[in-house]
Amino acid sequence: MNSVIRVSIPQKSYDIAIAKRLAETSIAKDKTAEEKPAGGLDDLGVWMSRLKLGKKVLVVSNPAIFRRYGERAIAALKLVGYEVFSCTLPVGERYKTVKSIQKIYDVALEQRLERSSTMVALGGGVIGDMTGFAAATWLRGINFVQVPTSLLAMVDASIGGKTGVNHPQGKNLIGAFHQPRFVLIDPLVLKTLPPRELRAGMAEVIKYGIIWDAELFAKLEASKRLDQWRYLDEDLLLTILTRSCQAKADVVSQDEKEAGLRAILNYGHTIGHAVESLTGYKSVNHGEAVAIGMVAAGQIAVKLQLWQQDEAQRQDALIKKAGLPTQLPAELDIEAIIDTLQTDKKVKDGKVRFVLPSKIGQVSVTDQVPRDVIAQVLRQIQIS
């Protein structure tokens with residue numbers, strides 16, 4: 001299982017390597033490894049050494065991920081001569097704040113990171129977003145490498161250069177575009193991913209099927225189950241990773257800073273972000289919120305006669321197959337959700353922009369969604 005996908009951006013192009021280490025390959029034993037990296041987390045240093053980066057590297061992670069993978073990542077970096085430091089941040093979306101970024105800055109200052117230095121994000125989407133933002137703003141921008149450890153981060157958050165932190169009034173309101181120099185995906189780390197987090201990543205995979213890749217959607221429909229690691233054979237997992245990453249790379253390559261096409265990547269996120277914010281980033285995780293948001297967007301599209309009900313039902317069935325929620329939590333106030341939409345980053349000229357499907361594999365962006373239609377759909381999908 002080895003694949004390299006190119007994200008082609010003028011003067012900022014980079015590779016996404018989907019690679020598990022070959023059992024017979026060892027950097028210590030194989031003298032050709034530096035020229036032909038076998039992949040996997042243990043080859044992180046080899047991949048990075050090809051980028052001609054400075055010698056100082058700061059690995060940012062959370063305590064749980066660092067305990068599991070930190071030593072391996074640091075050993076891989078030291079093996080090729082990097083001087084490595086580390087910083088751990090608390091787990092969870094609610095800690096994705098400017099205060100957490102300050103901790104990264106403190107270590108960067110203490111260890112005298114330079115403009116040639118690199119920050120490595122070892123973790124899920126939260127760690128990736130924060131590390132990327134710190135790298136974008138430290139010394140006005142230093143190198144940044146993504147090593148995602150969750151499915152959601154692998155197929156979505158680690159690609160495309162969106163970085164940032166949350167404001168108490170909204171998600172990702174503070175941020176910057178800062179493309180990574182490289183993304184290393186080791187599928188084997190998913191073996192230790194909690195089932196709920198695996199399911200959360202599946203929401204983004206399903207999203208790609210709806211917005212871009214009807215063939216991916218069909219392959220997901222044909223699978224028996226998507227809610228646990230043991231049901232994902234190697235071929236299916238490779239399909240999920242490569243087609244999702246390719247979809248994100250294709251979109252980002254055409255529209256780096258969301259001037260047009262890239263907005264379609266927000267499918268399910270408009271209402272999803274409101275759900276996350278109003279639940280305090282505690283009871284509903286990102287993937288679950290996006291799943292609910294996709295169901296809502298699908299029904300809005302049906303009511304506006306943009307999409308057929310049978311395709312909306314196929315989408316919802318796939319979301320259920322992935323073990324994800326399709327209903328809005330009963331405790332959420334619908335008017336509060338609609339009001340929260342006004343603080344979304346995608347609001348333009350005071351109008352909320354929705355990504356709505358017209359068929360599986362194709363969507364469009366519109367700001368012509370009446371408030372009463374939004375309210376009607378939210379009531380329709382809310383747990384009674």
Give Ala289, Ala301, Ala317, Ala375 a once-over and let me know the one that is in contact with a Leu (Cβ under 7 Å, 6 or more places away or on another chain) and at pLDDT 95 or above.
Ala301
Which residue pairs have Cβ atoms under 9 Å apart, sit 6 or more places apart or on different chains, and have a first residue in the stretch 258-278 that is at positive phi and assigned by TED's automatic domain parsing to the domain that holds Met294 and a second that is among the small types (Gly, Ala, Ser) and not in a helix (DSSP H, G or I)?
none
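Residues are listed down the side, and each one gets a yes or a no for (1) small (Gly, Ala, Ser); (2) touching a His at 6+ places or on another chain (Cβ under 8 Å):
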site	(1), (2)
Glu93	no, yes
Leu109	no, no
Glu114	no, no
Gly123	yes, no
Ala135	yes, yes
Arg140	no, no
Gly161	yes, yes
Gly164	yes, no
Inspect the stretch 87-96 for any residue being modelled with pLDDT under 95 and among the aromatic types (Phe, Trp, Tyr) and give the result as yes or no.
yes
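Give the residue that is nearest to Glu276 (Cα to Cα), with candidates limited to residues of the stretch 123-138 that are among the aliphatic types (A, V, I, L, M) and buried (at least 24 other Cβ atoms within 10 Å of the Cβ). Walk me through how you get there before you give the answer.
Pass one, the stretch 123-138, residues among the aliphatic types (A, V, I, L, M): 126-127, 130, 134-136.
Among the residues that remain, those that are also buried (at least 24 other Cβ atoms within 10 Å of the Cβ) are: 126-127, 130, 134-135.
Details: Val126: 14, Ile127: 17, Met130: 18, Ala134: 23, Ala135: 26 Å.
Across the stretch 123-138, the extreme among qualifying residues is Val126.
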Residue check for Ile74: touching a residue at least 40 places away in the same chain (Cβ under 8 Å) and surrounded by 13 or more Cβ atoms within 10 Å (Cβ to Cβ)
no
Of all residues in the stretch 254-278, count the ones that are in a loop (DSSP other than H, G, I, E, B) and hydroxyl-bearing (Ser, Thr, Tyr).
1
Considering the stretch 233-248 alone, what residues qualify as being crowded, with 22+ Cβ neighbours inside 10 Å and either of a type in the set (A, V, I, L, M, F, W, C) or not assigned by TED's automatic domain parsing to the domain that holds Lys207 (or both)?
Ile240, Leu241, Cys245, Ala247
Check Val183, Val147, Val155, Val189 and return the single one that is surrounded by fewer than 24 Cβ atoms within 10 Å (Cβ to Cβ), of a type in the set (A, V, I, L, M, F, W, C) and touching a residue at least 40 places away in the same chain (Cβ under 8 Å).
Val189
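In the stretch 1-19, which residues are in a strand (DSSP E or B), over 16 Å from Pro148 (Cβ atoms) and at pLDDT 90 or above? Before the answer, list the steps.
First, pick out the residues of the stretch 1-19 that are in a strand (DSSP E or B): 2-7, 14-19.
This time we only want the ones that are over 16 Å from Pro148 (Cβ atoms), so: 2, 6.
Within the stretch 1-19, Arg6 is the sole residue that qualifies.
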Evaluate the stretch 89-109: report whether one residue or more is at positive phi and touching a residue at least 24 places away in the same chain (Cβ under 8 Å).
yes
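Residues that are more than 24 Å from Ala157 (Cβ to Cβ), of a type in the set (A, V, I, L, M) and crowded, with 20+ Cβ neighbours inside 10 Å: does the stretch 264-280 have at least one?
First pass over the stretch 264-280, keeping only residues more than 24 Å from Ala157 (Cβ to Cβ): none.
No: the stretch 264-280 contains no residue that is more than 24 Å from Ala157 (Cβ to Cβ), of a type in the set (A, V, I, L, M) and crowded, with 20+ Cβ neighbours inside 10 Å.
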Flag for Gly293 being under 20 Å from Asp227 (Cα atoms) and touching a His at 6+ places or on another chain (Cβ under 9 Å):
yes
Considering the stretch 95-122 alone, what residues qualify as being among the small types (Gly, Ala, Ser) and crowded, with 17+ Cβ neighbours inside 10 Å?
Ser100, Ala108, Ser117, Ala121
Of all residues in the stretch 331-365, count the ones that are loosely packed, with under 14 Cβ neighbours inside 10 Å and touching a Gly at 6+ places or on another chain (Cβ under 8 Å).
1
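The values are calculated or read from the model by the stated rules, or taken from the named source; none is laboratory data. Only a predicted model underlies this, so the values are computations on that prediction, with no experimental measurement involved. In this analysis, Cβ positions are derived from the backbone assuming ideal geometry, glycine residues included, and neighbour counts consider all displayed protein chains.
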